[in-house]
Amino acid sequence: MSARRQILRGGVAALASGAISMSSSAEPALASLPPDGELIALCQAHPGLLDAVNGTDCDLNDSNLTWRAYVASLDAIRDAKPQTLEGMRAKALAAMAECRGINGGEAPDHCSASGMAWDLLNDLLRLTGGAA
């Protein structure tokens, strides 16, 4: 298992245990999931990691475990190739969480959501038989 995947699983486990609070009630279960099940679980946990990062007073660098879990989550979501519409929807919801500001507005041009949107376009083309 790669170091990035271990960090990500640790972040998801911290969310599930309550060590890091989640903004939604979703508790990801990573064992024996259907197609895109792990991606969906990661995407459901991602807003909680984002909230934890936004709520920390610590430096946002590799010495901060919350930051590392957030970056690993973001990287895993961006790298994922959804196999189902449900997986694409989960990825889209994670992108939406990335662009939401504190006031509830959206600014997709000023965060990773714009890159995630491009990834989703490529995912859609790939799933529908087009070149991606």
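The values are calculated or read from the model by the stated rules, or taken from the named source; none is laboratory data. What you are looking at is a predicted structure, and each value in this text was computed from that prediction instead of being measured. Cβ atoms come from the backbone with ideal geometry, glycine included; neighbour counts cover every protein chain shown.
Quick check on my filter: what residues within the stretch 102-112 are among the small types (Gly, Ala, Ser) and under 17 Å from Gly48 (Cβ atoms)?
Within the stretch 102-112, just Ser112 meets the criteria.
Show the residue pairs that are 6+ apart or on different chains and have beta-carbon atoms under 8 Å apart, the first residue being within the stretch 50-73 and modelled with pLDDT under 90, the second being of a type in the set (Lys, Arg).
Listed pairs, sorted by first residue: Asp62/Arg68.
Those residues that are assigned to a helix (DSSP H, G or I), over 14 Å from Leu124 (Cβ atoms) and charged (D, E, K, R), I need them from the stretch 75-106; list them, please.
Once the filter is applied, which keeps residues that are assigned to a helix (DSSP H, G or I), over 14 Å from Leu124 (Cβ atoms) and charged (D, E, K, R), the stretch 75-106 yields Asp75, Arg78, Asp79, Glu98.
If you check Cys43 against the conditions, is it modelled with pLDDT under 90 and not polar (S, T, N, Q)? Step through it out loud before you land on a result.
Working: modelled with pLDDT under 90: no; not polar (S, T, N, Q): yes.
Considered against the rule, which asks whether it is modelled with pLDDT under 90 and not polar (S, T, N, Q), Cys43 comes out as no.
Within the stretch 41-55, can you find the residues that are surrounded by 15 or more Cβ atoms within 10 Å (Cβ to Cβ) and either assigned to a loop (DSSP other than H, G, I, E, B) or among the β-branched types (Val, Ile, Thr) (or both)?
Step one: of the stretch 41-55, the residues surrounded by 15 or more Cβ atoms within 10 Å (Cβ to Cβ) are 41-53.
Result: Val53, single match.
Out of the residues in the stretch 66-125 that are of a type in the set (Asp, Glu) and under 14 Å from Cys43 (Cβ atoms), state the one that is surrounded by the fewest Cβ atoms within 10 Å (Cβ to Cβ). Don't jump to the end; show me each part of the working.
Looking only at the stretch 66-125, we keep the residues that are of a type in the set (Asp, Glu), and these are 75, 79, 86, 98, 106, 109, 119, 123.
Going one step further and asking which of them are under 14 Å from Cys43 (Cβ atoms), we end up with 75, 79, 86, 98, 119, 123.
On the way: Asp75: 15, Asp79: 10, Glu86: 15, Glu98: 22, Asp119: 22, Asp123: 19.
Once the filter is applied, the top-ranked residue is Asp79.
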